[in-house]
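Engineer: Questions regarding the structure given below will be posed in turn.
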């Protein structure tokens, strides 16, 4: 009885999985989904926004694009400028009405995503 086998003998017994069989499996899966009337599976998942939008007023200008903002519910948070506001060089000053995104994980910090025009009516935050 032979107890020691060479690696070549072991690899010859392993089932061969090639790219063509994987492709055939994918094609068969899509065909079954189309027969059932379902759309084909998508490559990427759609991201769900978990941030909370709320309006507020800038109370204090801190350093490096950080601001103290009093939200419409009375809570005061520290918020920084979003990248688009920095890129477009939108000036935010004390007294401006802004929209702040708050993370559900830390409700004391936020990101300023929109500066409302002075004199314009601020829409209610629905999130």
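The values are calculated or read from the model by the stated rules, or taken from the named source; none is laboratory data. Everything numeric in this text was worked out from a predicted model, so none of it was measured. Please note: Cβ atoms are built from the backbone with ideal geometry, for glycine as well, and neighbour counts cover all protein chains shown.
Engineer: Quick one: how many residues across region 56-87 are over 11 Å from residue 110 (Cβ atoms), touching a strand residue (DSSP E or B) at 6+ places or on another chain (Cβ under 6 Å) and assigned to a loop (DSSP other than H, G, I, E, B)?
Structural biologist: Residues that pass the stated criteria total 2.
One line per residue, one yes/no per condition, for (1) over 20 Å from the mean Cα position of the chain (by Cα); (2) modelled with pLDDT of 95 or more:
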| site | (1), (2) |
| --- | --- |
| 48 | no, no |
| 55 | yes, yes |
| 78 | yes, yes |
| 89 | yes, no |
| 105 | no, no |
| 113 | no, yes |
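Engineer: Given the structure, is residue 112 surrounded by 14 or more Cβ atoms within 10 Å (Cβ to Cβ) and touching a helix residue (DSSP H, G or I) at 6+ places or on another chain (Cβ under 7 Å)?
Structural biologist: Working: surrounded by 14 or more Cβ atoms within 10 Å (Cβ to Cβ): yes; touching a helix residue (DSSP H, G or I) at 6+ places or on another chain (Cβ under 7 Å): yes.
It is true that residue 112 is surrounded by 14 or more Cβ atoms within 10 Å (Cβ to Cβ) and touching a helix residue (DSSP H, G or I) at 6+ places or on another chain (Cβ under 7 Å).
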